[in-house]
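The values are calculated or read from the model by the stated rules, or taken from the named source; none is laboratory data. Everything quoted here is computed from the prediction, not taken from an experiment. In this analysis, Cβ positions are derived from the backbone assuming ideal geometry, glycine residues included, and neighbour counts consider all displayed protein chains. When the accessible area is computed, the model is the full protein with side chains, heavy atoms only, and any ligands, DNA or RNA have been set aside. Shrake-Rupley method; radii C 1.70, N 1.55, O 1.52, S 1.80 Å.
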Amino acid sequence: MRAMVIKAYGGPMSLEERPRPTPGPEQVLVRVIAASVNPVDWKMASGALRLFIPVKFPWVPGYDIAGEVAGVGAGVTAFSVGMRVHARIAESTAGGSAEYAVAGVDAVAEIPAGMDPGEAAGLPLAGMTALQGLRDRTMLPMTGARERVLIVGASGGVGHLAVQIARASGATVVGVCSGRNAALGASLGAHEVIDYTQPDPYGGQAPFDVVYDCVAGDPGPFLPLLTPKGRYASCVPAPATFLRALWNPFVGKSVLPVMLKSNAADLRVLDTLVEAGKLRVVVDSRFPLEALGEAWARSKSGRAAGKIVIEVA
Ligand SMILES: NC(=O)c1ccc[n+]([C@@H]2O[C@H](COP(=O)([O-])OP(=O)(O)OC[C@H]3O[C@@H](n4cnc5c(N)ncnc54)[C@H](OP(=O)(O)O)[C@@H]3O)[C@@H](O)[C@H]2O)c1
């Protein structure tokens with residue numbers, strides 16, 4: 001099979017012929033139709049995360065896939081050959097930038113009927129990070145939420161899904177993005193959109209019950225904007241988030257790091273929202289497998305609006 005392979009931290013990426021992986025017990029083999037890029041892919045490849053998530057080389061990067069089941073390992077009963085599935089592959093292996101990849105059944109869900117494979121590939125990692133950050137860390141109720149929620153990075157891979165999940169919960173949603181993405185933020189359901197490039201962007205907008213920061217991980221500017229028992233969560237694992245989670249000068253306010261825990265149950269929660277018409281994946285751009293390097297350059301630019309998709313088949 002064709003796969004994009006990296007052999008060392010900071011090393012080049014090349015398209016190579018590799019053996020097709022074999023599904024082990026409780027795993028499915030997926031013929032990958034589309035994959036999606038996440039910043040963690042190129043952060044891991046650079047070596048920046050080697051202390052936390054070491055890479056075993058040669059490495060086929062890529063965590064998000066959508067495609068068709070091409071084989072199943074021992075003990076798999078819920079999936080059969082031909083089913084359309086998507087998944088966030090296990091952290092220890094990755095392997096999504098290839099024509100075939102294996103994923104544990106605990107990470108796989110059926111793609112909602114009619115969903116484009118590229119959009120389906122864009123959902124798992126970013127969608128679960130959005131969902132878990134809001135539901136499990138800030139404890140935003142998923143129905144009947146009466147809270148005022150600020151999503152920082154409302155046009156990004158995680159943020160554009162967080163806006164929609166917060167909106168579906170019933171919250172009042174304020175999205176933060178640059179002016180060029182304001183129409184996108186509104187189309188996702190944000191009640192108000194703040195342009196962070198303007199002077200004093202938060203003037204007159206506070207207080208917020210919840211701030212979900214998908215850009216920077218520095219709670220400093222946001223803690224004063226929270227209600228007395230407000231919660232700040234960030235999926236960007238910056239030292240400031242972890243330090244302020246241990247102690248912050250604003251008694252009663254919480255600082256909450258978000259670390260994704262992949263699981264099929266949460267992917268199905270997202271799929272249910274897609275089926276209900278409450279969640280959609282916006283595609284920033286599409287690249288063929290051999291142009292993965294260009295796709296990463298787009299991601300590194302920090303300007304992607306929605307998800308970057310790799311068309312594998
Ligand atoms: N902890 C976890 O488990 C976990 C999981 C997933 C992702 N992450 C991390 O979360 C971060 C976001 O990931 P992502 O996939 O959403 O990234 P992304 O798609 O690359 O984010 C790009 C978006 O950020 C916006 N942006 C940049 N600077 C901004 C600012 N100052 N204020 C508001 N928006 C701004 C850009 O909009 P403009 O072009 O309009 O500026 C662009 O739309 C990454 O650092 C990633 O590694 C962590």
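Which order do the peptides 27-39, 2-14 come out in when sorted by mean C-beta neighbours inside 10 angstrom, highest first?
Top to bottom by mean Cβ count within 10 Å: 27-39, 2-14.
Given +1 on the Cβ of Lys and Arg, -1 on the Cβ of Asp and Glu, and no further charges, what dipole in debye does the stretch 176-249 carry about its Cα centre, rounded to the nearest 20?
180
Would you list, by chain and number, the lysines whose Cα falls below 22 Å from the Cα of Lys300, excluding same-chain residues fewer than 8 positions away?
Leaving aside lysines fewer than 8 places away in the same chain, those within reach of Lys300 are Lys7, Lys43.
Provide the gained length on full extension for the span His191 to Ala276, in nm with one decimal, where the gain is 0.36 nm per separating residue minus the Cα-Cα distance.
Full extension of this stretch gives 28.6 nm more.
From the mean inverse distance of alpha carbon pairs (Kirkwood) and the Cα radius of gyration, derive Rg over Rh for the stretch 126-257.
Ratio of gyration radius to Kirkwood radius for the stretch 126-257: 0.93.
What is the calculated FRET efficiency for Phe57 to Ala216, with r their C-beta to C-beta distance and R₀ = 51 Å, to the nearest 0.05?
0.95
Taking R0 as 45 Å, what's the FRET efficiency between Glu17 and Arg180 from their Cβ-Cβ distance, rounded to 0.05?
Efficiency, from the Cβ-Cβ distance: 0.65.
How far apart, in nanometres, would the label points at Arg50 and Leu246 be if each is projected 7 angstrom from Cα along the Cα-to-Cβ direction?
Between Arg50 and Leu246, the label points sit 2.6 nm apart.
Quick check on packing: order 115-128, 44-57, 153-166 by the mean number of other C-beta atoms within 10 Å, highest mean leading.
My ranking of the peptides, most packed first, is 153-166, 115-128, 44-57.
Tell me, what is the percent relative contact order of the stretch 168-210, built from C-alpha pairs under 8 Å that lie six or more residues apart?
36
What is the sum of charges, Lys and Arg at +1 and Asp and Glu at -1, for the other residues whose Cβ falls under 12 Å from the Cβ of Met44?
Residues near Met44 contribute +1 overall.
At 7 Å along Cα-to-Cβ for each site, give me the label-to-label distance between Tyr9 and Ala265 in nm.
3.6
Which value, in Å², gives the accessible area per residue of the stretch 126-257 when a 1.4 Å probe is used on the protein heavy atoms?
40
So what is the orientation-averaged projected area of the stretch 241-310, using the convex hull of its C-alpha atoms, in nm²?
7.9
Less than 17 Å apart at the alpha-carbon level, and either on another chain or at least 8 residues along: which aspartates and glutamates does that give for Lys253?
Reachable aspartates and glutamates: Asp136, Glu147, Asp209, Asp213, Asp218.
Using the Cα gyration tensor of the stretch 49-102, with a ≥ b ≥ c the square roots of its eigenvalues, what is the shape: rounded (a/c below 1.5), prolate (a/b larger than b/c) or oblate (neither)?
prolate
For the stretch 119-170, which trypsin sites (Lys or Arg not before Pro) are both in a DSSP coil and crowded by at most 11 other Cβ atoms within 10 Å?
Passing sites in the stretch 119-170 are Arg146.
Measuring from label point to label point, each 7 Å out along Cα→Cβ, what is the Ala291 to Met142 span in nm?
Those two pseudo-labels are separated by 3.7 nm.
Quick check on the chain: take the gyration tensor over C-alpha atoms, sort the square-rooted eigenvalues as a ≥ b ≥ c, and tell me if it's rounded (a/c under 1.5), prolate or oblate.
Judged from the Cα gyration tensor, the chain comes out prolate (a/c at least 1.5, a/b above b/c).
Rounded to the nearest percent, how much of the accessible area of the stretch 197-313 (1.4 Å probe, protein heavy atoms only) is carbon and sulfur?
59
About its Cα centre, what dipole magnitude does the stretch 126-257 give when the only charges are +1 on Lys and Arg Cβ and -1 on Asp and Glu Cβ, stated in debye to the nearest 20?
With Lys and Arg at +1 and Asp and Glu at -1, about 300 debye.
Cα atoms only: what Rg and Dmax, in Å, come out for the stretch 1-107?
That works out to 13.5, 40 Å for Rg and Dmax.
Work from the charge dipole of the stretch 126-257 (Cβ charges, +1 for Lys and Arg, -1 for Asp and Glu, about the Cα centre) and give the residue of Leu243, Ala206, His191 farthest towards its positive end.
Most positive-ward Cα: Leu243.
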